[in-house]
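Take a look at the structure set out below.
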Amino acid sequence: MKIIVLMKQVANKDAILRINKSETWIEEGDLSHEVNESDGYALEEALRLKEKHGGGEVVVCSLGPQRVKSVIKDALARGADRAIHVVSDDTAQLGPYAAAKVLSEAIKDEQADLVLTGLQSDDNGYAQTGVILAELLGLPHATIVIEVDASGEGLRVKRELESGWYQWYAMTRPALLTIQSGISQIRYATLKGIMAAKKKEIKELAPDAEALGAAAHQRITKVYFPQKTKQTQFLGDGDAKAGAAQLAEKLRTEARIF
Amino acid sequence: MPNGILVFAEHRGGAFNKTSFEAVAAAQQLGASLGQPVSAVVLGTDAALASQVATYKLDKVVSVENPKLSDYTPDGYADAMERAVRALDPQFVIMPHTYLVRDYAPKLAARFGKDLISDCVRASVADGAVTFSRRIFQGKIDADVVANGEPPVFATFQSGAYRADQAERGGEAAAVESLPVEVGEVRMQPEEPFQEVKQAVDLTKADTIIAIGRGIKGQEHIALAQQLADLLGGEIAASRPICDAGWLPIDRQIGSSGQTVTPKLYIALGISGAIQHLVGMKNSSTIVAVNKDPEAPIFDIADYGIVGDLFEVIPVLTEEIKKLKG
Ligand SMILES: Cc1cc2nc3c(=O)[nH]c(=O)nc-3n(C[C@H](O)[C@H](O)[C@H](O)COP(=O)(O)OP(=O)(O)OC[C@H]3O[C@@H](n4cnc5c(N)ncnc54)[C@H](O)[C@@H]3O)c2cc1C
Ligand SMILES: Cc1cc2nc3c(=O)[nH]c(=O)nc-3n(C[C@H](O)[C@H](O)[C@H](O)COP(=O)(O)OP(=O)(O)OC[C@H]3O[C@@H](n4cnc5c(N)ncnc54)[C@H](O)[C@@H]3O)c2cc1C
């Protein structure tokens, strides 16, 4: 089975975000980055499917500037077989349609049995790239997938619905699935894996010019910190311990918890 | 000329989703500001369901019909909606940002060569132009977004962004129009939806919940929060990543894919406050947030906040409560 996993690099979750001078995006300069959370789970699922179903190939694909190499190398160290890096330093705002178009051009000739993506990115959070990509590749898809059964001819996938409900879908293969975090426990890269990764292929591609040129359908005009709607009593004024003591008192006298 | 606003009313097995009527409220407000008529679409096998939506103040309700629409599938819905949108030629298509819409609407938009303005929390109109606001970076930042290019503009609204009870009812029922459509090959078959076996702990009954997030750093630190919970006679709960990592069982997860709780006291320790977490706890009576990031979205719904390290806060808080309890 040949499986392609799309992995995006995003700002570190713990990063303190600052807004840039023109108020159109965040200050990128001093950010550290990590792999988008659900994409890490998508990779894990791909590796497990390969192991379970007697081999094949796991190919990682990422779009972004040179810094995304760290995501790619980590994926190769965990067990992916090779990678495609669509190199673009263009920080212009591209929507999920353009991103999916670029990615579809990069992987369409691979003829994969399965394409896995994360269910949404932790930064832009459009939650669309995978589904649009499926449409562009002519593949059936399922989103928010929490279990995959590829033992038969087609696929059976368990989808998460709202409020603790689930649903199985039977579908044809090849297909595209967007993977939910928590589908399985993610493995660590071993030293052996890290050494082996050094010999694995990373193919660099330029983004398809026409796909890049596709008009953006949405444009960010301004970014800002959300307006607070609730009056929060901040306690301790930066002194965590003093805040804790005040909180105990408030829980007794104001909230009457005990 | 494209005209009007089309709102997608979602149902599962004949029951409408509350967020559908939130979307109706959003569409009505947009329609009023732009001076454009608002119609609703309902997908199904016949017009029976459409009449339920017709009680709202709408230009009309279009019942988009095909036998293949008896159960939801992304292939079936994308085909049917594509045909409905092409036939009705609206300027805006408004949808609730539910799991079902997330599943098929990007495919629908792609048929028009575009993407969705997804998960909006507001829309405002100035000089006839619409600005949509989205929450990005997991709720930490807002972005104002304008649509480019030809209509239709596809937008989805976050659950809770508008109130369903703000959706205006009409004096008399809106006209229901049947629109039979063709639906091509459907490549997936749904089985019956189900819930996992009964949860071992029912957090909905707890008066006090101590919830931990990724800020707790390691499974070995959970004992610290557990002590506080025991002292207050409360239950321990968590954000999704804690359960994903297997540090706590999934029946202790709070949020859109976990439990929804309304305890007297909810203490969030090292939880950032992503919307999928907030929907599960925001109606708690008293909310306390401890987070080292002063801009963490969780503070937006907290009654009491401490900006600081939870590893400093918890021991002191536990000691002080012990003292006060005597
Ligand atoms: C030419 C070009 C240059 C870009 N430059 C930058 C940049 O400098 N900085 C930046 O942060 N973003 C950049 N992007 C990415 C772009 O802004 C967003 O990734 C895109 O709009 C999708 O939105 P999303 O990530 O919210 O998608 P979602 O739909 O929320 O993402 C869902 C899933 O799609 C997959 N996916 C999404 N984007 C990528 C990707 N880039 N590579 C691999 N898989 C992906 C992942 O599996 C992800 O989990 C660029 C895009 C293009 C086309
Ligand atoms: C379809 C879907 C469904 C989802 N369902 C759910 C759900 O049901 N429930 C849920 O919770 N999430 C759900 N999520 C995930 C959600 O989007 C967030 O990713 C998640 O809630 C983040 O968890 P967190 O706040 O613990 O982690 P993070 O966002 O990483 O936040 C950790 C916080 O801890 C703080 N911190 C770190 N160290 C310390 C310290 N020493 N002291 C104090 N503070 C510290 C940081 O400042 C940060 O704010 C869902 C996502 C999707 C897309």
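The values are calculated or read from the model by the stated rules, or taken from the named source; none is laboratory data. This structure is a prediction, so every number in the text was calculated from the model and none was measured. Cβ: placed from backbone, ideal geometry, glycine included. Neighbour counts: every protein chain shown. We work out accessible area using only protein heavy atoms, side chains counted, and drop any ligands, DNA or RNA first. Shrake-Rupley method; radii C 1.70, N 1.55, O 1.52, S 1.80 Å.
Inspect all residues belonging to region B:304-314 and state whether any of them is within 9 Å of ligand 2 (Cβ to nearest atom), over 20 Å from the mean Cα position of the chain (by Cα) and more than 7 Å from chain A (Cβ to nearest Cβ).
Yes - at least one qualifying residue is present in region B:304-314.
Output the number of residues of region B:78-95 satisfying the condition of being within 11 Å of chain A (Cβ to nearest Cβ) and closer than 18 Å to B:S20 by Cα.
1
Return only the number of the condition from (1) among the charged types (D, E, K, R); (2) closer than 25 Å to B:R214 by Cα; (3) touching a residue at least 40 places away in the same chain (Cβ under 8 Å) that A:E34 does not satisfy.
Unmet condition: (3).
Scanning region A:223-250 for residues that are open to solvent by 80 Å² or more (accessible area, probe 1.4 Å) and within 7 Å of chain B (Cβ to nearest Cβ), which turns out nearest to B:Y304 (Cα to Cα)?
The extreme case among them is A:F234.
Please determine, by comparing only the residues of region A:31-54 that are surrounded by fewer than 21 Cβ atoms within 10 Å (Cβ to Cβ), within 15 Å of ligand 1 (Cβ to nearest atom) and part of a loop (DSSP other than H, G, I, E, B), which one is modelled with the lowest pLDDT.
Ranking the qualifying residues of region A:31-54, first place goes to A:L31.
Identify, by number, the condition in (1) away from ligand 1 (no atom under 16 Å from the Cβ); (2) more than 8 Å from chain B (Cβ to nearest Cβ); (3) acidic (D, E) that A:E162 doesn't meet.
The one condition A:E162 does not meet is (2).
Tally up the residues in region A:10-22 that are away from ligand 2 (no atom under 16 Å from the Cβ) and within 16 Å of A:D123 (Cα to Cα), please. Reasoning before the result, please.
At the first step, the residues of region A:10-22 found to be away from ligand 2 (no atom under 16 Å from the Cβ) are A:19-22.
Next, only the ones that are within 16 Å of A:D123 (Cα to Cα) stay: A:19-20.
Qualifying residue count for the region: 2.
Only one residue in B:D119, B:D115, B:D75 is in a strand (DSSP E or B) and facing chain A (nearest Cβ under 7 Å). Which one?
After ruling out the rest, the residue left standing is B:D119.
Residues are listed down the side, and each one gets a yes or a no for (1) surrounded by 17 or more Cβ atoms within 10 Å (Cβ to Cβ); (2) within 17 Å of B:L179 (Cα to Cα); (3) out of contact with any Pro (no Cβ under 8 Å at 6 or more places or on another chain):
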site: B:N3; (1), (2), (3): no, no, no
site: B:V7; (1), (2), (3): yes, yes, yes
site: B:K18; (1), (2), (3): no, no, yes
site: B:F21; (1), (2), (3): yes, no, yes
site: B:G35; (1), (2), (3): no, no, yes
site: B:S51; (1), (2), (3): no, yes, yes
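Show the residue pairs meeting these rules: Cβ distance below 8 Å; 6+ apart or different chains; first residue within region A:63-90 and free of Cβ contacts under 8 Å to residues at least 40 places away in the same chain; second residue aliphatic (A, V, I, L, M).
Here the result reads A:P65/A:V87; A:Q66/A:V87, each pair linking region A:63-90 to a residue that is aliphatic (A, V, I, L, M).
Among (1) part of a loop (DSSP other than H, G, I, E, B); (2) more than 7 Å from chain B (Cβ to nearest Cβ); (3) of a type outside the set (F, W, Y), there is one condition A:M195 misses while meeting the rest; what is its number?
A:M195 satisfies all of (1) part of a loop (DSSP other than H, G, I, E, B); (2) more than 7 Å from chain B (Cβ to nearest Cβ); (3) of a type outside the set (F, W, Y) except (1).
To keep it simple, each residue is scored yes or no on (1) assigned by TED's automatic domain parsing to the domain that holds B:A40; (2) within 26 Å of B:Q29 (Cβ to Cβ); (3) surrounded by fewer than 24 Cβ atoms within 10 Å (Cβ to Cβ).
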position	(1), (2), (3)
B:Y77	yes, yes, no
B:V85	yes, yes, yes
B:L88	yes, yes, yes
B:Q91	yes, yes, yes
B:L100	yes, yes, yes
B:L108	yes, yes, no
B:R111	yes, no, yes
B:K114	yes, yes, no
B:I117	yes, yes, no
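Filter region A:144-158 for residues that are in a loop (DSSP other than H, G, I, E, B) and not aliphatic (A, V, I, L, M); which is most open to solvent (accessible area, probe 1.4 Å)?
The extreme case among them is A:E153.
Counting only residues that are of a type in the set (V, I, T) and at the interface with another protein chain (Cβ under 10 Å from one of its Cβ atoms), which one in region A:165-180 is surrounded by the most Cβ atoms within 10 Å (Cβ to Cβ)?
A:T178
Just one of B:F137, B:F157, B:F194 is in contact with a Cys (Cβ under 9 Å, 6 or more places away or on another chain) and either facing another protein chain (nearest Cβ under 7 Å) or farther than 30 Å from B:V290 by Cβ (or both); which is it?
From the options B:F137, B:F157, B:F194, the qualifying one is B:F157.
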